[in-house]
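Visitor: Have a look at this one.
The values are calculated or read from the model by the stated rules, or taken from the named source; none is laboratory data. Every value quoted in this text rests on a predicted model; they were computed, and no experiment measured them. For neighbour counting, all protein chains shown are included, and Cβ atoms are generated from backbone atoms with ideal geometry for every residue, glycine included.
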Amino acid sequence: MILIDEISMVGRQFMGKIDSRLKQGKAGEPNADESLGGLSCVCVGDPAQCEALKDQQIYDVNPHRQTASDEVPECALHSNIGLSVYSEFDDVIILSTVHRLRFIEKETMTQEEIEYNERATRCMNTLHKLRDLRWNLEDYYWLCKRKRSMLPPSERARFTDAPYIMDFRKDTDANPEDNCNYFNRIRLRRHAEEHVKDIASFEAYHKGISQEEGAKLDEEKFKGLAQTLELAEDARVILTHNLVPEQGLMNGTQGSVKKIVYDHKQGPGAHNLEDRMPKYIVVDFPQYVGTPFYDTEDYPERRTWVPLEPREIRQEGNEGVSRVQFPIILA
């Protein structure tokens, strides 16, 4: 069985290519010539959401416009095969419960609870209108009232630990502030000030190239290793490498810094660049299920504490250059 999420983005040509690849993979096995190599398929998504790019949509039942050409192009063949595959789906389950929005259901409600239900209803209706291209300026201005700057302090406090969704992650010369990196640094410094925590700021160091030249290279050339890290105890971080996926240490795993360990007294103020980098960064990863690094009888709270070491990653396309840094970023 195969499971495909966000099916609205899988157009007919794409589905035709999936069909072709699965038949190749199942060649020689029973039913390999059937659609999708004889595998069952479950698709999940909302057809009213993002459409497939440069492809015929899943609800388009017309043959590809180049089907009647003297030489039928590959795109037309894949599109028509995809149409055939989609036509074979015979069971549809419609989920009607909205889990992202909850209404208060009580016989007696306070005025605040009544207003909450009214906002929830208006929000759901507005999102439906947005989806169906029916919303208007009145809906837009109503949504603007939900901007953080428009909310009272009591309501803003409820979102202190909520994640922020931003358009850009990395800071650039053209966009130095409106990005996740800048926001996370400011929040880290505020956290350090409020809880009287020291901040360790250190750069990656490079091999096979000068530090000045290495600092200019994009982190993507080193599998996401950041050029500069700022950390403090209790700071939220995200792991950016697959270390031991089966034990919960994979790209995207979140945790919090517990210890920043140096093997000398100078810390990040050391004279040599390499000495400014910690020896270990101990992070509490609640998802970690591997062997504990600490005696859990004496320190049961450290069951999921993991000491991370710097990683050396060679530059993509240039084996002679490498960057050394911890595989984490601020969350």
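Visitor: Provide a single number: the residues in the stretch 26-71 that are under 19 Å from I2 (Cβ atoms), in a loop (DSSP other than H, G, I, E, B) and of a type in the set (S, T, Y).
Guide: 1
Visitor: What's the number of the only condition in (1) surrounded by fewer than 14 Cβ atoms within 10 Å (Cβ to Cβ); (2) at positive phi; (3) among the basic types (K, R) that K223 fails to meet?
Guide: Result: K223 fails condition (1) only.
Visitor: Then there's this: Since R122 meets every condition but one in (1) at positive phi; (2) out of contact with any Leu (no Cβ under 7 Å at 6 or more places or on another chain); (3) free of Cβ contacts under 8 Å to residues at least 24 places away in the same chain, which condition does it not meet?
Guide: (1)
Visitor: Please enumerate the residues belonging to the stretch 1-31 that are among the acidic types (D, E) and surrounded by fewer than 17 Cβ atoms within 10 Å (Cβ to Cβ).
Guide: Initially, the stretch 1-31 is screened for residues among the acidic types (D, E), giving 5-6, 19, 29.
Residues satisfying the conditions are D5, E6, E29.
Visitor: So, in the stretch 125-145, of the ones that are part of a loop (DSSP other than H, G, I, E, B) and free of Cβ contacts under 8 Å to residues at least 24 places away in the same chain, which residue ends up surrounded by the fewest Cβ atoms within 10 Å (Cβ to Cβ)?
Guide: Residues of the stretch 125-145 that are part of a loop (DSSP other than H, G, I, E, B), as a first pass: 132-136, 145.
This time we only want the ones that are free of Cβ contacts under 8 Å to residues at least 24 places away in the same chain, so: 133-136, 145.
Details: L133: 7, R134: 10, W135: 17, N136: 9, K145: 9.
Residue satisfying both the conditions and the ranking: L133.
Visitor: A further question on this structure: Tell me the residue from E105, E113 that is within 27 Å of R156 (Cβ to Cβ), modelled with pLDDT under 95, in a loop (DSSP other than H, G, I, E, B) and of a type in the set (D, E), please.
Guide: Working: E113 fails: in a loop (DSSP other than H, G, I, E, B).
When all the criteria are applied, what remains is E105.
Visitor: Then there is this: If the requirement is being under 29 Å from the mean Cα position of the chain (by Cα), of a type in the set (D, E, K, R) and within 17 Å of E88 (Cβ to Cβ), which of these qualifies: D5, D19? Outline the logic, then answer.
Guide: Working: D5 fails: within 17 Å of E88 (Cβ to Cβ).
Of D5, D19, the one residue that is under 29 Å from the mean Cα position of the chain (by Cα), of a type in the set (D, E, K, R) and within 17 Å of E88 (Cβ to Cβ) is D19.
Visitor: Ok, one more. So which residues in the stretch 258-268 are without any contact (Cβ under 8 Å) to a residue 24 or more places away in the chain and closer than 17 Å to A204 by Cβ?
Guide: So in the stretch 258-268, the residues without any contact (Cβ under 8 Å) to a residue 24 or more places away in the chain come out as 262-266.
Selection gives Y262 alone.
Visitor: Among the numbered conditions (1) assigned to a helix (DSSP H, G or I); (2) closer than 29 Å to R236 by Cβ; (3) of a type in the set (K, R), tell me where R122 comes up short.
Guide: It is condition (2) that R122 fails.
Visitor: Of the residues that make up the stretch 293-304, is at least one at positive phi, touching a helix residue (DSSP H, G or I) at 6+ places or on another chain (Cβ under 9 Å) and of a type outside the set (K, R)? Don't jump to the end; show me each part of the working.
Guide: Kept after step one, since they are at positive phi, are these residues of the stretch 293-304: none.
Scanning the stretch 293-304, I find no residue that is at positive phi, touching a helix residue (DSSP H, G or I) at 6+ places or on another chain (Cβ under 9 Å) and of a type outside the set (K, R), so the answer is no.
Visitor: Kindly list the number of the only condition in (1) free of Cβ contacts under 8 Å to residues at least 24 places away in the same chain; (2) buried (at least 16 other Cβ atoms within 10 Å of the Cβ) that fails for D284.
Guide: It is condition (1) that D284 fails.
Visitor: Show me the strands (runs of 3 or more DSSP E) found entirely inside the stretch 242-331 where at least 1 residues are at pLDDT 95 or above and among the polar types (S, T, N, Q). If you could, list the steps in order and put the result at the bottom.
Guide: Working: elements: 254-261, 280-284, 305-308, 311-315, 318-325, 328-330.
Here the list reads 254-261, 311-315, 318-325.
Visitor: For M250, are the conditions met, namely being aliphatic (A, V, I, L, M) and within 20 Å of the chain's Cα centre (by Cα)? Break it down into steps so the answer makes sense when it comes.
Guide: Details: aliphatic (A, V, I, L, M): yes; within 20 Å of the chain's Cα centre (by Cα): yes.
Considered against the rule, which asks whether it is aliphatic (A, V, I, L, M) and within 20 Å of the chain's Cα centre (by Cα), M250 comes out as yes.
Visitor: Let me ask something else about it. How many residues does the stretch 154-195 hold that are among the charged types (D, E, K, R) and part of a helix (DSSP H, G or I)?
Guide: Taking the stretch 154-195 as the starting set, the residues that turn out to be among the charged types (D, E, K, R) are 155-156, 158, 161, 167, 169-171, 173, 177-178, 185, 187, 189-190, 193-194.
If we keep only those that are part of a helix (DSSP H, G or I) too, we end up with 155-156, 158, 185, 187, 189-190, 193-194.
Residues flagged as among the charged types (D, E, K, R) and part of a helix (DSSP H, G or I) within the stretch 154-195 amount to 9.
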